[in-house]
Each structure stands twice: as C-alpha cells, then as structure tokens.
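Okay, so here's the structure we're looking at.
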Amino acid sequence: MIDSSYDVIVIGGGVVGCAAARELSRYDLNIALLEKSTDICAGQSRANTAIIHGGYDAKPGTRKAYYNLKGNMMFDSVCGELDVPHEWNTSLVVSFSPDEDSQIDELYQRGIQNGVPNLEIIDHDEIMRREPNISEQAHKALLVNNGGIVCPYELTTAYAENAAKNGVTFFRSSPVIAIRKENEGWVVDTPEKSYHCKAIVNCAGLYSDEIHNMVSEDKLEIKPRRGQYYLVDKKYAKAFNAAIFQVPTVMGKGILVARTVDGTVLLGPTAEDINDKTDKRTTAAGLANALEGARKTWPNLPGRAFITEFSGLRAHCTRNDFIIGEVTDAPLFFDAAGVESPGLTSAPAIGVDLAKMVAEALHASPNTKFDPIRKGIPKFRELSNEKRAELVSENPDFAKVICRCETVTEAEIREAIRRPVGAVNVDGIKIRTRAGMGRCQAGFCTPRVLEILSEELGVPLETLQKSEAGSRYVYGKIFD
Ligand SMILES: Cc1cc2nc3c(=O)[nH]c(=O)nc-3n(C[C@H](O)[C@H](O)[C@H](O)COP(=O)(O)OP(=O)(O)OC[C@H]3O[C@@H](n4cnc5c(N)ncnc54)[C@H](O)[C@@H]3O)c2cc1C
C-alpha cells in the first residue's frame, strides 16, 4: 500500500541531500526527503575537516575538480542567504623537505589547470611570517587564497530548515530498504511506509552504492575510508591562521592542522580503508598516526591540548570520482554517489545541478513563493552585552546558561528543538547549538538538555537517546 505520493524523493539528509532538497524547492514540486538516521547530518557531513577546498587537488577534468571550484565560488552567497558561519582563512600546502617541493609545484600547476584563482607559491620565510608556530622544517608552500572553513553541521541544518520552509517534507528514522518501478514512477519502501514518486535523488553517502544498485545493472561500489581526528581546545584557536596541509598521498590530502569556525583545532584525518560501513571507532594506532602527522606541522603542540577524538567515514567510490546525474538504465533516478572530499565544498553546486536536472526532466515551473533566506539561532556567546540584554528582556531563557563551556542558553536549546527539522535527541542539540561540544564534552549540561528535550517533545526522559536507537541515557527513577 502506498502511504503518500511526491514528485521527488531525496534519499539521505547529509549536506548534499539537504542542499538538493533546498534547490529543488525553488521549483513547483512536491518533495520529500527520507533519512535513515534519527536526525539529518548523521554521516560524513557530521564528521569531517570542514574545509572549503580551493580546488587545486582534484585531477583536472573530473567531476570532483568541476564541483569543487563551482561549489567554492558559491559559499559567500549560500552562507549569506542561510546565515551560516564561514571564513576565508586560506589554506597552505606545505613541503617539509626539499624532496617534497616538486609536489607543491605539481599542485600549483594542477590548480591552474582547474581554474583556481590567486594561487601563490611561498618560501620558508613567508611561511614562518604567516604561521610562526609551524615547524622550522617548513620549506615551501602552496598558498591557496580561496581556501576557507565552514561549519558543516550548520550548513546542513540550514539547508534543511530552508528546504522545509519552502515546502519539503522531512521523514527521519526512515531507511530506504527497497525501490521498484511502478505506474510511470517509483515506489520507495521504508520498514513502516511506502512512498510513490516520479523522480528519485540518491544522496545516501556511504550507502549510495546500495541505493543505486537497487535500480541499475551498472553496479557501484563504495568503500568506507576512515579518518580519525583529535580535537584541540579553543585555547589554541590562534595557533594557526590558515588550514595547514602536508603534501598529499595516494590515500588523500594527508594530516591537517585546521582551525574550525568555532575556534577548536582539528588534527587529522587519517586515511584507512576498512570494510565495515558502521565502524566509526577510533584506535590507538590511528590516533598515534594523526598525532605524529600533526607534530610534523606543529612540533610544540601541547600534550594536554586535546578535548576529544572522533572519526568519520569517507564514501570512497572505486571509480575514483563523484557520480552525479541521471542513471542511464534508470530514467528519473538521479545519483549523487561517492561524494567524498571535497564533497562539503561541492555540495552547493551539486545541489543546484541536481535540482536543474530533475526540474528539467519533470518540466517543473519555478516556485514563485521560494524564500532563500534562513536566519540562524542567535549565538549568545558571540553577542555584545547590549544585544544579550535585549534578548534576555525579550526571552528570560536567554539568561539561563545550560552549556557553560560553550555558553549556550536554554533559549537556544529550545529553539533548536522547535525549528523545522528540529533536534530530537542530545546530539541533535549539540550540532545545532554546540551545547556539549566544549572542554567538558557534555559532562555538565546533558541532564538539563535531556529535561528540556523531554518538556519540548512531550516524551518521558527514559525514551530520549543520545543519537541512534540503543543510546539511551536514562533507564528509570531511583527515587522520587
Ligand atoms: C574524514 C572526512 C573528512 C572530510 N573533510 C572534508 C573537507 O574538509 N572538505 C570537504 O569539502 N569535504 C570533506 N569531506 C567530505 C564531505 O564530508 C562529504 O563529501 C559530504 O559530507 C558528503 O555529503 P553527503 O550528503 O553526500 O553524505 P552524508 O553526509 O554521508 O549523508 C548521507 C546520508 O544518507 C543517509 N542514508 C544512508 N543510507 C540511507 C538509506 N538507505 N535511507 C535513507 N537515508 C540513508 C545517511 O544516514 C546520511 O545521513 C570529508 C569527509 C570525511 C569522512
């Protein structure tokens, strides 16, 4: 039995799926997004290095090269419309011995071929002038003036909120388990419901091969490639200005030392091919590798600087490129498969292209009511005292600080739940407000966050999860 019908179903609520949904909502189409996890931004878009890549790295002529540069150039307008923090702090790819210098020259040439503007090669003295904490071994560097950083979770949630505002319906906890052709369209099955649609957009990240292979004989294979990180305290936000890369290897861009827009510093990621698409463990060997790599860039890295460690899984396609577009043997089924790095940078451009392809195929007219603007949740920690006083007089919940490390107030947490596609669990609050992301890593704020979630969602504390099913905090009352 079909539960509901749509013109378009987007599968996967990562940055690419949410961008595609938002761009599709510019057209007069009835759109739904199905996400298997309890919340959007559950895959690669949650755990990455958050770099807006300049576009010098991808092989010329590939979709990665095309979408990297095109996406990079859209960040000012997209982040402006969606109120998402980003910063053009530049990237430096550094050689640490004369042997590595030729790779810097190669990357420069590749960047020129890819059309990257304003690339420069700088010498030891200029590197040291710009980055006094970098190793004295720094020899030569590619200065990528169009390199930047962005908050990946806010970009994803902002795209989702704006898509929802423009009419997209989001279904979370809705894993797609089967797809079949029926009545000039598709039927998409989840364990609880079946949906009919005219077109499908596959943005399922690590699982985009499995979704693609449900409809096509031209099989894809996505291999998980794990990246492990250490996260360094905000105290060291000023240690480096640019994102510092080492020369790349066959496995990827190597270990970075990269500040985030929130002031923490990422060390990593490693690159390990694994077989299990759910294995997000960090390992002693992986973290040692990340640390050793980071010390090559930052020899005086303080031993007590870390606040946590984590890993992310890249969706590496064995075809070594993004797969974007309509599938030849499955008309009206569109792929955004194998979107590994630089996928965060590319997402705005992939979203626009996918939406155009689908709209053209369905002869859709523009949505005259489309509103591109989304305002973020006010960030109390970043406001002047005058602005804080104003907010508190409007809403006293702004005076109640719940997360002390990140100065996140009760008003922000409540708003994160009340917004379209709002938070439904503790990690959802974390990615939307930063509550729990600071030095104590949620040690103090979790009980109060749970109480607020329970009040706002009208559910008992015992049902609330950290993220996925099985991550409950509260099992019952010991006393009244
Ligand atoms: C370690 C690491 C570092 C990176 N660093 C950078 C960087 O600095 N800069 C950059 O540009 N890019 C970077 N990337 C790449 C970037 O993060 C990804 O390309 C981007 O997030 C991909 O977004 P996505 O929406 O395609 O996939 P995802 O974010 O993985 O989203 C896919 C979604 O589909 C859902 N899904 C899966 N199966 C199903 C199903 N059956 N039914 C319904 N939903 C389903 C998943 O739950 C998930 O939410 C990095 C990636 C990693 C892992």
query = Given the Cα-Cα distance of LYS400 and GLU182 and 0.36 nm per residue of separation, how much length would full extension add, in nm?
reply = 73.1 nm
note = Long-range amide H partners of PHE170, meaning residues 5 or more apart or on another chain whose placed amide H is closer than 5 Å, are LEU33
task = Please calculate how many Å² of accessible area the chain carries per residue, with a 1.4 Å probe and no DNA, RNA or ligand atoms counted.
result = 42
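Once you keep just the Cα pairs under 8 angstrom separated by 6 or more residues, what percentage relative contact order results for segment 321-480? Intermediate values should be presented prior to the final figure.
On the way: 178 pairs, mean separation 20.5, N = 160.
Reported as a whole number, the value is 13 percent.
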query = Quick one: longest stretch of the chain between exposed loop GluC sites (Glu not before Pro), exposed meaning at most 10 other C-beta atoms within 10 Å and loop per DSSP?
reply = 218-480
message = Could you tell me how far the Cα centroid of segment 111-140 sits from the Cα centroid of segment 453-478, in Å?
response = 49
key: Solvent-accessible area, 1.4 Å probe, carbon plus sulfur percent, for the chain   = 50
inquiry  = Can you compute the modelled spin-label distance between ASN275 and GLU217, with each label point 7 Å from Cα toward Cβ, in nm?
reply    = 3.0
task = Please say if segment 377-480 is rounded, prolate or oblate, where rounded means a/c under 1.5 for a ≥ b ≥ c the square roots of the C-alpha gyration tensor eigenvalues, and otherwise the choice is prolate for a/b larger than b/c and oblate otherwise?
result = prolate
request  = Pull out a ≥ b ≥ c, the square roots of the eigenvalues of the alpha-carbon gyration tensor of segment 30-75, then state rounded if a/c is under 1.5, prolate if not and a/b is larger than b/c, and oblate in the remaining case.
outcome  = prolate
inquiry  = Run the numbers for ASP83 and ARG319: contour at 0.36 nm per residue of separation, minus the present Cα-Cα distance, in nm.
reply    = 81.4 nm
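To the nearest 0.05, what FRET efficiency results for LYS235 and GLU192 with a Förster distance of 41 Å applied to their C-beta separation?
0.30
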task = In nm, give the distance between the simple-model label positions of SER454 and GLN113, each being 7 Å from the Cα along the Cα-to-Cβ direction.
result = 6.0
ask   = Quick one: if the Förster radius is 41 Å, what FRET efficiency do SER173 and ILE121 give, using the C-beta to C-beta distance and rounding to 0.05?
value = 0.25
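Using 0.36 nm per residue of separation minus the Cα-Cα distance, give me the extension gain between VAL474 and GLU462 in nm, one decimal.
Working: separation 12, 0.36 × 12 = 4.32 nm, distance 0.49 nm.
3.8 nm is the gain from fully extending VAL474 to GLU462.
Set the Förster distance to 25 Å, then compute FRET efficiency between THR283 and THR308 from the Cβ-Cβ distance, nearest 0.05.
Plugging the Cβ-Cβ distance into 1/(1 + (r/R0)^6) gives 0.95.
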inquiry  = Explain nothing, just the number: relative contact order of segment 380-463, from Cα pairs under 8 Å at least 6 residues apart, as a whole percent.
reply    = 24
Helical mean residue ellipticity (222 nm; -39500 (n - 2.57) per DSSP H run of 4+; nearest 500) of the chain = -9000 deg cm²/dmol
query = To two decimal places, what compactness ratio does segment 221-336 give when its Cα radius of gyration is scaled by 2.2 N^0.38 Å?
reply = 1.26
ask   = Among the Cys residues of the chain, which have no other cysteine Cβ under 4.7 angstrom away?
value = CYS18, CYS41, CYS79, CYS151, CYS197, CYS203, CYS317, CYS405, CYS440
request  = Pull out a ≥ b ≥ c, the square roots of the eigenvalues of the alpha-carbon gyration tensor of the chain, then state rounded if a/c is under 1.5, prolate if not and a/b is larger than b/c, and oblate in the remaining case.
outcome  = oblate
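The values are calculated or read from the model by the stated rules, or taken from the named source; none is laboratory data. The structure presented is a predicted model; accordingly, all values stated were derived computationally and were not measured. Here Cβ is always computed from backbone atoms with ideal geometry, including for glycine, and neighbour counts include all displayed protein chains. Accessible surface areas use protein heavy atoms only, side chains included; no ligands, DNA or RNA. Shrake-Rupley method; radii C 1.70, N 1.55, O 1.52, S 1.80 Å.
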